[in-house]
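Asker: Below are the structure tokens for one structure; questions will follow.
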Amino acid sequence: MRLSTRALGLRIGAVPIVDDVSLDVRSGEFVVIIGPNGAGKTTLFNLLSGVTRATSGTIALGDVDVTSAPPYRRARLGLGRTFQTSTIFPALTTLENARVAAQASLGGSGTMWRLADRERAPRERALAVLESVGLAHRAHDVSGSLSHGEKRKLDLAILLCGEPSAILLDEPTAGMAAEDIPAMVASIAAIHRDQKKTILMVEHRMDLVLGLADRVAVMHHGALLAIDTPERIVANETVQSAYLGDPL
Ligand SMILES: Nc1ncnc2c1ncn2[C@@H]1O[C@H](COP(=O)(O)OP(=O)(O)OP(=O)(O)O)[C@@H](O)[C@H]1O
Ligand SMILES: [Mg+2]
């Protein structure tokens, strides 16, 4: 699913938080957003998912203008996102958490199925998704006992159980132990490669981004400073000067 914005803006008082952002993420494309703290990356995600209403500009998912659509409508059109605060139920097992998410998204067509299928389909989807994020071996453990890195993986699994066609990932490796990061990055790369999902991801570490993204977008003071291949972004002088003192 294509994801596009035109002259998107959010002003709080006189302050532009997101400033005139026109962004086109093609269907199946992987775009990473980088930018210093406070650049407006998370706010842009809030505008895209409908948590925050834009004060100017437009947003489209595929051919549908969703500028004033509530979050649940955008989700139904296929837009998924992870949240900073986790949506995991700690007392349920890893599999149960994923199954609840799968059931919620499969639920609408439940009356069409035989009873046995109604039970099986969400469970099978949940198991397949846990496998794809490398959590299958923890399926039957209570999710409260998962490590921080595993919880981030479960957040991703819960998101994928809803079968979104475009996903927004806000620093999915934040707070993860260094040794957990490569596996998480590999899962995300596989989701992009095998499931052809459109991915828009905020990630600070340029070394992680280089081998992953089709394009890198740079945000600075709410504006989209540049969007190009990772190699050209690294070589871009405007980007480098915006980052002077900030690690890329
Ligand atoms: N509801 C709000 N009211 C006032 N200011 C806000 C609000 N939401 C965000 N801001 C401000 O907007 C700016 C952008 O914040 P945002 O969280 O989008 O940045 P970010 O690029 O995600 O930063 P980080 O890398 O630290 O996550 C910041 O200066 C923040 O303080
Ligand atoms: Mg942020």
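Asker: Name the residues in segment 29-63 that are in a loop (DSSP other than H, G, I, E, B) and within 13 Å of the chain's Cα centre (by Cα), would you? Walk me through how you get there before you give the answer.
Answerer: Filtering segment 29-63 down to residues in a loop (DSSP other than H, G, I, E, B) leaves 29, 35-40, 50-55, 62-63.
Within segment 29-63, just GLU29 meets the criteria.
Asker: I need the full set of residues from segment 122-140 which are in contact with a strand residue (DSSP E or B) (Cβ under 9 Å, 6 or more places away or on another chain) and part of a helix (DSSP H, G or I), in order please. Steps first, please.
Answerer: Of the residues in segment 122-140, the ones in contact with a strand residue (DSSP E or B) (Cβ under 9 Å, 6 or more places away or on another chain) are 138-140.
Within segment 122-140, ARG138 is the sole residue that qualifies.
Asker: Let me ask something else. Can you name the condition, by its number, that SER22 falls short on among (1) outside any helix (DSSP H, G or I); (2) under 18 Å from the mean Cα position of the chain (by Cα); (3) more than 11 Å from ligand 2 (Cβ to nearest atom)?
Answerer: (2)
Asker: Moving to a separate point now. Are any residues in segment 65-75 small (Gly, Ala, Ser) and open to solvent by 30 Å² or more (accessible area, probe 1.4 Å), and if so, which ones? I'd like the intermediate steps shown before the answer.
Answerer: Taking segment 65-75 and keeping what is small (Gly, Ala, Ser), we get 68-69, 75.
Selection gives SER68, ALA75.
Asker: Take the residues of segment 174-223 that are within 16 Å of ligand 1 (Cβ to nearest atom), at negative phi and assigned to a loop (DSSP other than H, G, I, E, B): which is nearest to the chain's Cα centre (by Cα)?
Answerer: Step one: list which residues in segment 174-223 are within 16 Å of ligand 1 (Cβ to nearest atom), which gives 174-176, 200-206, 208-209, 216-223.
The next check asks that each one be at negative phi; those that pass are 174, 176, 200-206, 208-209, 216-220, 223.
Filter again for assigned to a loop (DSSP other than H, G, I, E, B), leaving 174, 176, 203-205.
On the way: ALA174: 13, MET176: 16, GLU203: 11, HIS204: 14, ARG205: 16 Å.
Only one residue tops the list, namely GLU203.
Asker: In segment 76-99, is there at least one residue being of a type in the set (Asp, Glu) and either touching a Gly at 6+ places or on another chain (Cβ under 9 Å) or open to solvent by 10 Å² or more (accessible area, probe 1.4 Å) (or both)? Give the derivation first.
Answerer: Restricting attention to segment 76-99, the residues satisfying the condition of being of a type in the set (Asp, Glu) are 96.
Going one step further and asking which of them are either touching a Gly at 6+ places or on another chain (Cβ under 9 Å) or open to solvent by 10 Å² or more (accessible area, probe 1.4 Å) (or both), we end up with 96.
Yes, the conditions are met somewhere in segment 76-99.
Asker: Please go through (1) in contact (Cβ under 8 Å) with a residue 40 or more places away in the chain; (2) more than 22 Å from ILE158 (Cβ to Cβ); (3) open to solvent by 60 Å² or more (accessible area, probe 1.4 Å) for ILE34 and return the number of the only condition it doesn't satisfy.
Answerer: (3)
Asker: Quick test for you: out of ALA190, ALA178, ALA174, ALA186, pick the one residue that is at pLDDT below 95 and within 23 Å of GLY38 (Cα to Cα). I'd like the intermediate steps shown before the answer.
Answerer: Numbers: ALA190 fails: within 23 Å of GLY38 (Cα to Cα); ALA178 fails: within 23 Å of GLY38 (Cα to Cα); ALA186 fails: within 23 Å of GLY38 (Cα to Cα).
Just a single option satisfies the conditions, and that option is ALA174.
Asker: Ok, one more. Starting from segment 13-29, keep only residues that are among the small types (Gly, Ala, Ser) and open to solvent by 60 Å² or more (accessible area, probe 1.4 Å), then list their pairs with residues that are away from ligand 2 (no atom under 16 Å from the Cβ) and in a loop (DSSP other than H, G, I, E, B) whose Cβ atoms are within a distance under 6 Å, requiring at least 6 positions of separation or different chains.
Answerer: From segment 13-29, the pairs are SER27/MET1; SER27/ARG2.
The values are calculated or read from the model by the stated rules, or taken from the named source; none is laboratory data. Note that this is a predicted model, so its numbers are computed, not measured. FYI the Cβ positions are ideal-geometry reconstructions off the backbone, even for glycines, and counts take in every protein chain you see. For the accessible areas, the whole protein counts, side chains as well, though only heavy atoms, and no ligand, DNA or RNA atoms are used. Shrake-Rupley method; radii C 1.70, N 1.55, O 1.52, S 1.80 Å.
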